[in-house]
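Novice: One structure is given below, represented as structure tokens, and several questions about it will come after.
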Amino acid sequence: MKKSFSATIARFTDLLMDAVCIVDVDGRFVFVSSACERIFGYTQQEMIGRQMIDLVLPADRARTLAAARAITDGQANSSFENRYVRKDGQIVHIMWSACWSEADQLRVAVARDVTAIKQAEAMQVALYAISEAAHASDDLPTLFQRVHQIIGALLPAPGFGVALRREDGRPLQFTYHANADGPAPPHPLAHLLGEEVLRSGLPVRISPTTLPYLTAQLRAAAGPAPDCWIGAPLATTKDLIGVLLLQSSGGQSQDSYTDRDQDLLMFVSKQVATAIQRKQLHSSLRFMAQHDELTQLPNRRLFHDRLEMALARAQRHQSMLSLLFIDLNKFKEVNDSFGHACGDLLLRKVAQRLKECVREADTVARLGGDEFVIILEEMLVPEDAAQIRDKIHQVLLAPILLPDGSSLTITASIGVAHYPEHGSDGQQLLRYADQAMYGSKLQKVD
């Protein structure tokens, strides 16, 4: 390029906020304005003679070369977007307006940094997606899996974890943790990082450049060449409920996470914390609506739902189902003699012992008062249910300690009904088991 032309271009283009770049037919920079250093991080001297494509993010190189060929063929483009890698490793989004000068055999382009606009757009999309995920997810692990995908579209996040604070003060509980291959146990460093974020209430970044500023325990656990991590507090308006963790191997950069990445994660973590709080509140309300407040067992409504589902499975699989109806003997006398507080304690202990007598898949529910029911699925023969009944009688014989140091024992009358022998629907089975229980109680009175 002629000196006079270059000097004239430089005089005016250095006044522009946008960057002006001129590339020769071989794709090398022959001129860049001073704004390039602000946008790309390289000085003018460092860019001159360098291949343009070398600065483009690898994922965008193929379509960038295709666009460059089209411009060289005379097709001007005023709205081409791609991403460049700055000298410091950060990614910038560029909007290009370019044309080809046939006389000079040069491609002249104006570059505008639209990174802030792109990030704002991405943030809006992410916030909307997090809100949608909170409504659509049935539980927290499902919500966190979706949040992992959402954050992964904003930041490198092959490793992602959510650890929630426990009310009893024990170490953080990782409700969700995954790496690039899927769900995985959390890295030992994740526990230490999470506890440090929770202790300080501030974000913590682990990378080769931040090692000197970390605690001695974190430095020792990270080692001399650590993967890059960010830990961000999950804070609501009232409390710090947990920690959000990202892990990256660092890639080509010595420090794959930047201050801007950390600020971005902090902003997103506030929305995630709100989503978690709402989901926890919803789960709590649903639990309260479906469970007995005193014993935490399924209540009458949830019991009937479970029974209908269990019967449907038994019909599909042509298997046997057993229903146990349990009524505590002389429970009113316990309330009258020891008070309602002791009666409540007794009901809680009985509920706990009943759960210990059955499998995890079985249902123990409280219908109300001193009446309990148990749904036993996949029974092979009636004798299996009889064994459970006998086991319940046995465990209830163990004394229950009262707050004043005394103890009491309780017995129960139990009626058993089997599907399909004693009924084809829940109402018939419950009626049969109730009558069998009543007959058992009369025998004890006699």
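Novice: Roughly speaking, to the nearest percent, how much of the stretch 347-446's 1.4 Å accessible area is carbon and sulfur?
Specialist: 50
Novice: In deg cm²/dmol and to the nearest 500, what is the mean residue ellipticity at 222 nm of the chain if only DSSP H runs of at least 4 residues count, each as -39500 (n - 2.57), divided by the residue total?
Specialist: One gets -14500 deg cm²/dmol as the mean residue ellipticity at 222 nm.
Novice: Of the accessible area of the stretch 229-302, with the probe set at 1.4 angstrom, what percent is carbon plus sulfur?
Specialist: Carbon and sulfur: 50 percent of the exposed surface of the stretch 229-302.
Novice: Using a 1.4 angstrom probe with every protein chain in place, what is the largest-first accessible-area order of H418, H340, H393?
Specialist: So the residues, ranked largest to smallest area, are H340, H393, H418.
Novice: Over the stretch 197-253, with the other protein chains present, what is the accessible area per residue in square angstrom, probe 1.4 angstrom?
Specialist: It amounts to 48 Å² per residue over the stretch 197-253.
Novice: Using a 1.4 angstrom probe on heavy atoms only, work out the carbon and sulfur share of the accessible area of the stretch 47-92 in %.
Specialist: Carbon and sulfur atoms account for 50 percent of the accessible area of the stretch 47-92.
Novice: Still on this structure, please answer the following. Residue by residue through the stretch 94-103, which ³J(HN,Hα) values in whole Hz follow from phi under the Karplus form 6.51 cos²θ - 1.76 cosθ + 1.60 (θ = phi - 60°), with glycine and proline marked x?
Specialist: 10, 9, 9, 10, 9, 8, 10, 9, 5, 5
Novice: Here is a further query. Which three lengths, in whole Å and largest first, does the stretch 120-233 cover when its Cα atoms are put on their principal axes?
Specialist: Sorted largest first, the three principal extents are 42, 36, 28 Å.
Novice: Here is a follow-up. Give me the accessible area per residue for the stretch 3-113, probe 1.4 Å, as a whole number in Å².
Specialist: Roughly 53 Å² per residue, with all protein chains present.
Novice: Tell me which residues come under 5 Å, amide H to amide H, from L106 once H is placed; ignore anything under 5 positions away on its chain.
Specialist: Amide H neighbours of L106, under 5 Å, 5+ apart: S101.
Novice: Another question about this same structure. Given that just one value was derived from the coordinates, which of (1) 19, 31, 27, 14, 8, 1; (2) 21, 44, 24, 9, 2; (3) 23, 53, 20, 3, 0 is P(r) over Cα pairs in 20 Å bins from 0, in percent?
Specialist: Here P(r) over Cα pairs in 20 Å bins from 0, in percent agrees with entry (1).
Novice: Convert each backbone phi in the stretch 263-278 into a coupling constant with the Karplus relation 6.51 cos²θ - 1.76 cosθ + 1.60 (shift: θ = phi - 60°), then list the ³J(HN,Hα) values in order as whole Hz, x for Gly and Pro.
Specialist: Per residue, the Karplus-derived 3J(HN,Hα) values read 5, 5, 5, 4, 5, 5, 4, 5, 5, 5, 4, 5, 5, 4, 4, 5 Hz.
Novice: Counting Lys +1, Arg +1, Asp -1, Glu -1, what net charge surrounds S319 among other residues with beta carbon under 15 Å of its beta carbon?
Specialist: Around S319, the surrounding residues sum to -2.
Novice: While we're here: Ranked by accessible surface with a 1.4 Å probe, highest first, in what order do L198, L265, L65 come?
Specialist: L65, L198, L265
Novice: How long is the gain from R260 to Q427 if the chain were fully straight, where each residue apart is worth 0.36 nm and the alpha carbon distance is subtracted?
Specialist: Gain on extension, R260 to Q427, equals 53.9 nm.
Novice: For Y128, Y42, write out the residues from largest to smallest accessible area, computed with a 1.4 angstrom probe and no ligands counted.
Specialist: Result, largest first: Y128, Y42.
Novice: Pop out the ³J(HN,Hα) list for the stretch 334-349 in order, Karplus 6.51 cos²θ - 1.76 cosθ + 1.60 with θ = phi - 60°, rounded to Hz; leave Gly and Pro as x.
Specialist: Values, residue by residue: 5, 4, 5, 8, 10, x, 5, 4, 5, x, 5, 4, 4, 4, 5, 5 Hz.
Novice: Measuring with a 1.4 Å probe in the full set of protein chains, what accessible area per residue, in whole Å², belongs to the stretch 271-315?
Specialist: That works out to 59 Å² for each residue.
The values are calculated or read from the model by the stated rules, or taken from the named source; none is laboratory data. The model shown is predicted, which means the values in this text are computed figures rather than measured ones. A quick note on method: Cβ atoms are made from the backbone with ideal geometry, for glycine too, and the neighbour counts reach across all protein chains shown. To get the accessible areas, we keep the full protein, side chains included, count just its heavy atoms, and leave off ligands, DNA and RNA. Shrake-Rupley method; radii C 1.70, N 1.55, O 1.52, S 1.80 Å.
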